[in-house]
1. Going by average Cβ density within 10 Å per residue, which order do the peptides 240-249, 417-426, 213-222, 149-158 take, highest to lowest?
2. What whole-number volume per residue, in cubic angstrom, does the convex hull of the C-alpha atoms of region 384-439 give?
3. Using a 7 Å offset from the Cα along the Cα-to-Cβ direction at both residue 415 and residue 184, what is the distance between the two label points in nm, to one decimal?
4. Students often get this wrong: which residues of region 38-75 have the backbone nitrogen under 19 Å from the point 7 angstrom along Cα-to-C-beta of residue 406?
5. How big is D, in µm² s⁻¹, for region 158-240 by Stokes-Einstein at 10 °C and 1.306 mPa s if Rh is the Kirkwood radius over C-alpha pairs?
6. Quick check: from the Cα gyration tensor, does region 67-124 come out rounded (a/c under 1.5), prolate or oblate?
7. How far apart, in nanometres, would the label points at residue 130 and residue 428 be if each is projected 7 angstrom from Cα along the Cα-to-Cβ direction?
8. Given R₀ = 51 Å, FRET efficiency for residue 90-residue 349 by Cβ-Cβ distance, to 0.05?
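We did not get these values from a lab; they are worked out from the coordinates using the rules stated. In this text, all values refer to a predicted model and were calculated from it rather than measured experimentally. With ideal geometry, Cβ positions are generated from the backbone for all residues, glycine too; neighbour counts draw on all protein chains shown.
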Ligand code: BGC
């Protein structure tokens, strides 16, 4: 009998996370397709056929079986489900039913996100989540989803990372609609998504008693770059808004000043959460952009920290396993089950991914041992994916992907994850081997 010092509970969920636009290929009816056609992808091109899931997700579900996964997170594409306002597609439902059935047949519990950054072009044209009707439109979509897939799915993620969606789209100009420094709009979008979450939460529970409805939030460790008041204040601002925005709404606690004056209140979302997904990757250093208004400035990745692939124009971020425990501790006050719903690193050469995988899991296990209600880990991701504005430059897969031939090749991390899952824990020699980040 092998001694596994860092062991996990028997019912722990081992998974990978994916999303529709990044994996399916051929999504041309959403706002990201327009963004791609406008030439906004730094590595050029667009999602193209991505990982070809619309034709053949089954090939990758086989890889999931090989790894021994008992869970997977996918998203369904609103623009396939409702390509034109109030016109619903039966063929989209059929294909999603196939994919979900195939995953279940391979022993995986399937978590389904309803919104992972993309939505129909017609919805964007109305103003996206700035439109007062957006929560109502999202409620209809949730109803359609649960009525057509509810016999196969009981775990719903309403939104992926409203904090990233709102800040990248309305503060940093990185995502459509590409607005810059519009703090008021970002806060309205964020609160609109929180209201939409509440509407969908009620709808899903009405249609499917006993269902689990959560959302996934991104959490970043922000660190003052210098020991001065300005840097520390900016850290508090990022922390309050980016890290704790969803938490404040769900706990019905005031958003800290000065944002409280600008952030619309959403009392109906309080307490409407059955689990929380934590998407945890990075630490960012914060340097106050003196003389500039609050905006994209100030976030900084030192050159000497562990990091993987560099983006086309900027560093992706510091790979930082301790963000796992920071996020778990921060979100524990919700009192609901927690999943690490994304964790990974862009790393074409698989140079630091094994270290990140082992140490993120070590952090998670530590939190579980401390009594935190953590129930699963979903790696981002199974194969290299279309990485939004960076395009195909950043490589997140346990398996590499050649987009042209659709050939997959296992990176060493795939075997490492397979072994950890088979052992339900991390062997001592593995812990020792990956104790330090590779230089
Ligand atoms: C997003 C994914 C993305 C990943 C890696 C997350 O914030 O949910 O869509 O691919 O980060 O950057």
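1. Put in order of decreasing packing, that is 213-222, 240-249, 149-158, 417-426.
2. Measuring per residue, one finds 114 Å³ for the Cα hull of region 384-439.
3. 5.8 nm
4. So the set is 46-66, 75.
5. 109 µm²/s
6. oblate
7. If labels sit at residue 130 and residue 428, their model points lie 6.0 nm apart.
8. Plugging the Cβ-Cβ distance into 1/(1 + (r/R0)^6) gives 0.70.
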